[in-house]
Amino acid sequence: MTSPQALELAYRECEAITRREAKNFAYGIRLLHPPERRALSAVYALARRIDDIGDGDEPPEHRLEGLAGVRKQLGELGELGAHGEPGNDPVLVAIADARSRYDLPMDAFDDLVDGCEMDVAGTTYATIDDLVVYCRRVAGSIGRLSLAVFGAAGAPGACGLADDLGVALQLTNILRDVKEDKRRGRVYLPASDAAAMGSPPDLSDDGSLGRLVAFECTRAEEWFERGLTLLPLLDRRSQACVGAMAGIYHRLLRRIARDPMAVTRGRVSVPASEKLWVAMSCLVSPRGAVAPAHVEGTS
């Protein structure tokens with residue numbers, strides 16, 4: 001059985017990964033009570049590991065081997081039972097403990113691995129429905145894991161709404177990174193939408209890309225509208241956490257929507273001071289997640 005000291009060190013490592021790597025999510029995670037904050041940091045740390053393997057610079061076959069290795073580790077972790085010994089890997093040590101405390105749906109990590117395998121394979125998407133499958137795998141999966149930590153997984157409709165909010169967040173990520181992804185040979189925006197907006201499938205024309213980005217911003221707003229109805233199903237601290245995470249991404253989306261061509265000129269972001277304001281305001285009212293229509297600018 002893992003010693004209390006080893007468990008403490010494992011969670012500290014996961015929290016350090018979250019602070020260092022989770023540029024937007026960390027603001028929300030900080031608003032949770034310590035046990036839930038630690039558990040969600042463990043979830044993020046493992047998700048980050050999976051993402052990093054899928055996004056790495058190694059040849060595709062090596063990345064697929066790496067993802068298969070994580071899938072095997074998750075399977076072995078499941079076979080250990082609630083009190084099994086997960087070894088010395090701090091992230092897996094923390095995940096094993098969080099699973100025993102919060103009944104994490106471990107199959108959600110398999111969904112994330114599936115999504116990252118789609119990235120490695122260079123999957124493209126003909127329709128928005130095809131893209132939504134990917135978004136649910138790579139982002140909705142984290143929403144479902146988070147619900148377990150929040151103690152709301154059994155609330156009627158909660159899992160579906162967490163998936164919807166995950167789609168909103170992932171679509172926003174895709175719009176922000178559309179040019180960067182293109183340079184890496186990845187195209188996520190649906191080919192049918194590109195055709196409707198007069199954009200070539202490879203998104204090589206920046207002028208028509210602006211029209212396509214504007215169109216997809218409208219789609220993402222609709223997913224936010226549905227996903228944010230999750231908030232009333234959560235307790236106060238969990239509402240604040242989700243509200244802060246969603247609020248930061250919603251403000252990012254609004255910045256892109258007001259100037260769709262900005263994504264062709266550089267990386268659009270929300271200033272750290274504004275992120276902090278969103279997080280603090282969500283402690284008062286989680287509906288601080290909704291960005292006002294007048295939000296402007298990039299940084």
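Just so it is clear, none of the values below were taken in a lab; they were calculated from the coordinates. Because the structure is a prediction, the values reported are computed rather than measured. With ideal geometry, Cβ positions are generated from the backbone for all residues, glycine too; neighbour counts draw on all protein chains shown.
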What net charge do the residues around residue 163 carry, taking every other residue with its C-beta under 13 Å from that of residue 163, with Lys and Arg at +1 and Asp and Glu at -1?
-> +2
For the chain, what does the alpha-carbon gyration tensor say about shape, rounded, prolate or oblate, given a ≥ b ≥ c as the root eigenvalues, a/c under 1.5 as rounded, and a/b over b/c as prolate?
-> oblate
Can you give the relative contact order of segment 158-282 as a percent, counting alpha carbon pairs under 8 Å and 6+ residues apart?
-> 34
For the chain, with only Lys/Arg (+1) and Asp/Glu (-1) charged at the beta-carbon, what is the dipole magnitude about the Cα centre, in debye rounded to 20?
-> 1240
Can you tell which of 54, 185, 147 lies farthest toward the positive end of the dipole of the chain, using +1 and -1 charges on the Cβ of basic and acidic side chains (Lys, Arg; Asp, Glu)?
-> 147
Find how much the distance from residue 196 to residue 72 grows on full extension, using 0.36 nm per residue of separation minus their present alpha carbon separation; answer in nm with one decimal.
-> 40.4 nm
Let a ≥ b ≥ c be the square roots of the eigenvalues of the Cα gyration tensor of segment 63-178; is it rounded (a/c under 1.5), or, if not, prolate (a/b larger than b/c) or oblate?
-> oblate
When the charge dipole of the chain is computed with +1 at the Cβ of Lys and Arg and -1 at the Cβ of Asp and Glu, the Cα pointing farthest to the positive end, of 69, 17, 115, is that of 17
Expressed to one decimal in nm², the mean projection of the alpha carbon convex hull of segment 124-299 is 9.5
Pull up the cross-link candidates among the lysines for residue 23, meaning alpha carbon to alpha carbon under 17 Å and not fewer than 8 places away within one chain.
-> 275
Among trypsin sites (Lys or Arg not before Pro) in segment 21-96, those in a DSSP loop whose Cβ has at most 14 other Cβ atoms within 10 Å are 23
